[in-house]
Amino acid sequence: MSKGDLRSKKIATRIIHAGAEPDPSTGAIMTPIFQTSTYVQSAPGVNKGYEYARSQNPTRKALEDALAILENGKFGLAFSSGVAATDAVIKLLAPGDEVIAGSDMYGGTYRLFTKVFEKFGIKFKYVDTSHAQNIQDAVSPATKLIWIETPTNPLMNITDIAAVASISKSAGALLCVDNTFASPYLQNPLDMGADIVMHSSTKYLGGHSDVIQGALMMNDAALREQLYFIQKSCGAVPGPMDCFLVLRGIKTLHVRMKQHCENGEKIAHWLRQHPKVGRVYWCGFEDHPNYDIAKKQMRGFGGMMSFTLKDDTVEAATKVLSSTHVFSLAESLGGVESLINHPAVMTHASIPREERIKNGLSDGLIRLSVGIEDVDDLIEDLQNAIG
Ligand SMILES: Cc1ncc(COP(=O)(O)O)c(C=O)c1O
């Protein structure tokens, strides 16, 4: 199916056919894994569009085309990890430039900003982006990039993408949205005015906890050229086997996401009525502070959530975290299997405790990545662990 035809199709068709052209040499329906570092040239500079695999690889190209289609973008770029994709975006900037970023976000992004890029003279201001006005108030002439995560990891805060896009446009800054938690099935930030969408493809895009990878999608050709230049110059490219795994994962994104949403909804409501559970953070509750915005910009609420126990201590949380059997205690999210995580000790340990607490991430917070197992078994597992 030509790319033009594909863009007019419904999401399930787009997801399955994105980037999938039969291999011209054999007709193979699945994109081959081009495990090569270089390509033979018939004369110096005369080649078939591929010179050296850091710059181009046909398996990666198929994936990058698929990534663009998934986010309704013109271009996609794949990176060796989500963090490498974020790193490429920050490398668009120069010393003295300012970034406004969310105060509640993935710990590794915060670590990259504070521990790597601050020393190169890039300034970061952290605000609660769930109130777009906070971003507006932080804008200065040096603001070149606004970085938001929505929903946030791990507190499920929601930011109004369209409102922030209009702030970024009038400030002359780029807006990049980390769309990892929603996945392109639930939310498409480019359609709401974002300039760049970032994904940790390790999560829902891959979907099977078997690959580390990142992605950037965009519409602007000049921006794509700049980011492609950074991709090939800095070299954080994924290998062809990993590109194949993400291409394969993408084909079931819609069916997986439907089940993540269904299971997530049941578990969020179940947790909420549990007498030993304190607060449940899930953006599908009608009394979530930004529920209306979530409903407007997302097609569903996903399978990510966090909760505290009424006994909000590390000891009580640790007991639950160590007692599940269907939920595995592990970092990461977005795979078919359910995971349970302790952000303060695991995924968000790189954020200083004081900062974490200030932003509402308590020591006892428990994060769930609800998988697509039978939901009754998941609930029974949590019941046994919480007691
Ligand atoms: C929201 C979010 N963004 C970015 C990343 C980083 O991605 P990766 O681990 O693929 O480098 C993660 C990883 O957990 C994440 O949860």
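Couple of notes before you dig in:
- Residue match in region 135-144 (condition: modelled with pLDDT of 95 or more, in a strand (DSSP E or B), of a type outside the set (Phe, Trp, Tyr) and under 25 Å from PRO352 (Cβ atoms)): yes
- Exactly one residue among ALA344, ALA316, ALA349 is surrounded by 21 or more Cβ atoms within 10 Å (Cβ to Cβ) and of a type in the set (Gly, Ala, Ser), and that residue is ALA344.
- Scanning region 206-234 for residues that are away from the ligand (no atom under 14 Å from the Cβ) and open to solvent by less than 30 Å² (accessible area, probe 1.4 Å) turns up MET217, MET218, LEU223, LEU227, ILE230, GLN231.
- Matching residues, region 85-106, being of a type in the set (Gly, Ala, Ser) and open to solvent by less than 10 Å² (accessible area, probe 1.4 Å): ALA85, ALA88, ALA101, GLY102
- Only one of the listed residues (THR318, THR308) is more than 22 Å from LEU205 (Cβ to Cβ), in contact (Cβ under 8 Å) with a residue 24 or more places away in the chain and in a helix (DSSP H, G or I). That residue is THR318.
- The residues of region 120-149 that are among the polar types (S, T, N, Q) and surrounded by fewer than 18 Cβ atoms within 10 Å (Cβ to Cβ), listed by number, are GLN133, ASN134, GLN136, SER140.
- Of the criteria (1) within 22 Å of LYS258 (Cα to Cα); (2) at pLDDT below 95; (3) of a type outside the set (Asp, Glu), which one MET346 fails: (1)
- Test: residue in region 71-90 that is of a type in the set (S, T, N, Q) and without any contact (Cβ under 8 Å) to a residue 40 or more places away in the chain: no
- Options LEU365, LEU333, LEU361: the member that is within 14 Å of the ligand (Cβ to nearest atom), within 19 Å of ASP128 (Cβ to Cβ) and hydrophobic (A, V, I, L, M, F, W, C): LEU361
- The criterion of at least 2 residues that are within 26 Å of ASP374 (Cα to Cα) and at pLDDT 95 or above is met by the following helices (runs of 4 or more DSSP H) wholly inside region 192-290: 240-250, 253-272.
- On inspection, GLU71 passes the criterion of being more than 15 Å from CYS234 (Cβ to Cβ) and within 16 Å of the ligand (Cβ to nearest atom).
- Test: residue in region 168-176 that is closer than 19 Å to HIS348 by Cβ, within 16 Å of the ligand (Cβ to nearest atom), at pLDDT 95 or above and crowded, with 24+ Cβ neighbours inside 10 Å: no
- Residue in region 177-188 that is surrounded by 21 or more Cβ atoms within 10 Å (Cβ to Cβ), among the aromatic types (Phe, Trp, Tyr) and not in a loop (DSSP other than H, G, I, E, B) present: yes
- Any hit, region 107-119, residues being outside any helix (DSSP H, G or I), in contact (Cβ under 8 Å) with a residue 12 or more places away in the chain, within 16 Å of the ligand (Cβ to nearest atom) and open to solvent by 40 Å² or more (accessible area, probe 1.4 Å): no
- If the condition is being farther than 23 Å from TYR204 by Cα and either open to solvent by less than 20 Å² (accessible area, probe 1.4 Å) or modelled with pLDDT under 95 (or both), then region 321-341 contributes no residue at all.
- When restricted to residues that are closer than 23 Å to PRO352 by Cβ and in contact with a helix residue (DSSP H, G or I) (Cβ under 6 Å, 6 or more places away or on another chain), region 87-108 contains 3.
The values are calculated or read from the model by the stated rules, or taken from the named source; none is laboratory data. What you see is a predicted model, and the numbers here were worked out from it, not measured in a lab. Reconstructed Cβ throughout: ideal geometry from the backbone, glycine too, with neighbour counts over all protein chains shown. The accessibility values were calculated without ligands, DNA or RNA, using every heavy atom of the protein model including side chains. Shrake-Rupley method; radii C 1.70, N 1.55, O 1.52, S 1.80 Å.
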